[in-house]
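Below is one structure, written out as structure tokens; the observations come after it.
The values are calculated or read from the model by the stated rules, or taken from the named source; none is laboratory data. As the structure is a computational prediction, the values presented were derived from the model and not from experiment. Here the Cβ is made from the backbone with ideal geometry for all residues, glycine too, and neighbour counts use every protein chain on show.
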Amino acid sequence: MRPVFTALLFLSLFHGTAFSAGEYTDKQMDALTVRVGKTYWVKTVDGKGPLFLTAPSEKAATFRVEDSESFEITEVVGRANKNPYFKTKLLSGKEGYIRPDAFLEEFNLTIVTADPHAGKKRQADEFAQEENARVEWIQSQPWSPAIKQASIKKQPMPGLTTSEIKKVLGAPSRVVKTHGPLKVIEERWYYPDGRVLTFHNELLSTIDLPEKK
């Protein structure tokens, strides 16, 4: 059965309905199993996510999970007496339970089918990869340990070339070129943090730091 169809079937069978023990039909009990094996994510609203139970009982203690944590529905328990609960396993390994009607109530609100912070995590992963590549490149250069350490901390020293600075700091936000005396080409590189790097004939000569307020 295709995922979209099964999801629509689940919604059509349970939408707008609250259940007590023994009120589920056999057809509805079977429909609950379409969720087993699927992974969902918590998306907090006003700082709160869905409530999970520590046991398949209305009297069990409840707990909430952190924003963007995922959980898998591993089983439907309570089928024998038609008092079902979704058994869940959180990414942390903790197990919990949630009634199907409570799940449906929170579905697409605090329970979603995709990681709500996937974009940010992907950006963080890409930044980490770029940073690792930057540090590896610096370590591979025939520089002194002092220059390498300073460059890793993004504190370049005079004498580096424009291409080396791009590797160390990245591209500047603005470049101003002028021709000085004796045909010396001067470039001033402006960075978002306020630093201004001055190059003469493509060699770093001075670094102007922003004034502390």
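For the range 1-57, a tally of residues being at pLDDT 85 or above, under 17 Å from F107 (Cα atoms) and part of a helix (DSSP H, G or I) returns 5. One residue stands out among those in the range 58-79 that are closer than 21 Å to T33 by Cβ and hydroxyl-bearing (S, T, Y): the one that is modelled with the highest pLDDT, which is T74. Per the listing D125, D115, D208, D193, the residue uniquely surrounded by 13 or more Cβ atoms within 10 Å (Cβ to Cβ) and modelled with pLDDT under 95 is D115. Of the helices (runs of 4 or more DSSP H) lying entirely inside the range 99-203, those containing at least 1 residues that are acidic (D, E) are 100-106, 118-139, 162-169. Name the one entry in K48, K38 that is under 16 Å from T113 (Cβ atoms), in the same structural domain as L104 (by TED's automatic domain parsing) and surrounded by fewer than 16 Cβ atoms within 10 Å (Cβ to Cβ). Of the residues listed, the single one that is under 16 Å from T113 (Cβ atoms), in the same structural domain as L104 (by TED's automatic domain parsing) and surrounded by fewer than 16 Cβ atoms within 10 Å (Cβ to Cβ) is K38. Once the range 143-162 is narrowed to residues that are within 21 Å of N201 (Cα to Cα) and without any contact (Cβ under 8 Å) to a residue 24 or more places away in the chain, the residue that is surrounded by the most Cβ atoms within 10 Å (Cβ to Cβ) is S151. The residues of the range 163-182 that are loosely packed, with under 10 Cβ neighbours inside 10 Å and on the phi > 0 side of the Ramachandran plot amount to a single one, L182. Among residues that are free of Cβ contacts under 8 Å to residues at least 60 places away in the same chain and assigned to a loop (DSSP other than H, G, I, E, B), G93 is included.
Looking across the range 57-72, just one residue is closer than 22 Å to G47 by Cα, over 16 Å from the mean Cα position of the chain (by Cα) and hydroxyl-bearing (S, T, Y), and that is T62.
Return yes when K82 is of a type in the set (D, E, K, R), free of Cβ contacts under 8 Å to residues at least 12 places away in the same chain and not in a helix (DSSP H, G or I) and no when it is not. Taking the combined requirement at face value, the residue does not satisfy it.
Residue count for the range 157-186 satisfying the condition of being over 29 Å from N132 (Cβ atoms) and in contact with an Asp or Glu (Cβ under 9 Å, 6 or more places away or on another chain): 6.
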